Amino acid sequence: MKLKTKYIEISVIFSIIIVFMFSVIFLGSTISAQDKTPDDKAKVKSPSDANTEGEHEVINGVAESFEQDEKKGIIVFIGNVKITRENGYLNADKVTVYRDVETDDVIKTVAEGNVDMKDGDLLATCEHAVLNESDDTIELTGSVVVTQKEDRVEAPYITYNRQTGIRKGKGNDKELVQFQVKLKKKKKAESESSEEVSEDKGEKKE
């Protein structure tokens, strides 16, 4: 009986110790969570913050001068402008970026003078280029030369839709549209070649 009583007492004491330890751990974690400052909480990024960072494009480049009007949402780069973008580059004498003041979204980018650009797989040179972000189109004017893959088009005016992949060129009274398009020849079917061989053999027998 004495052994059983001692065993029960030890079990009860051990259970009380375990409950006490769990209580201390729980209270400690609760206090540490309450003690976090607003700065510590701000360091934890939410999924929405991550998505916001992914929506922005970082461009790098050089220019002889730079002007920015925050109230109008206009940034102007002047003189030997060379800009590197995620999907290519944009070089020109002058580049103006127009942004929505409320949303900070880029509305359009205008390049003027000796324009040399790469947008995805499209390479182009011209005198004036407008990259419309609102409808995802590109307008090129003035001695335009566009190369895409193995196709080449020259015209006074060319438009390109990034979404549909449609290119349109227009000439004028002085210049016509010049193009070089590579077309793949269709191979003759094996049946046609075999028929030709059989016909040739038939003619020889006669």
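Values in this text are rule-based calculations from the coordinates and carry no lab data. Not measured: the values here are computed from a predicted model. Cβ placement follows ideal geometry from the backbone for every residue including glycine, while neighbour counts extend to all protein chains displayed.
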Quiz item: In segment 134-178, which GluC sites (Glu not before Pro) fall in coil by DSSP and have 14 or fewer other Cβ atoms within 10 Å?
Solution: E150, E175
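Could you order the peptides 127-135, 176-184 from most to least packed, using the average number of other C-beta atoms within 10 Å per residue?
Per-residue mean Cβ counts within 10 Å order the peptides as 127-135, 176-184.
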Quiz item: Pulled fully out, how much extra length does the chain show between N87 and K149, if you take 0.36 nm times their separation in residues and subtract their Cα-Cα distance?
Solution: 20.8 nm
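For the ranges 65-73, 89-97, what's the packing order if you count other beta-carbon atoms within 10 Å of each residue, average per peptide, and put the highest first?
Order by mean packing, descending: 89-97, 65-73.
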Quiz item: Under 5 Å between amide H atoms, partner at least 5 residues away or on a different chain: which partners does G171 have, H built in plane at 1.01 Å?
Solution: V177
Quiz item: Stretched out fully, how many nm does the piece from K185 to N60 gain, at 0.36 nm a residue minus the Cα gap?
Solution: 40.7 nm
Quiz item: Given K149/K186; K108/K185; K118/K187, which pairs have Cα atoms separated by over 29 Å?
Solution: K108/K185; K118/K187
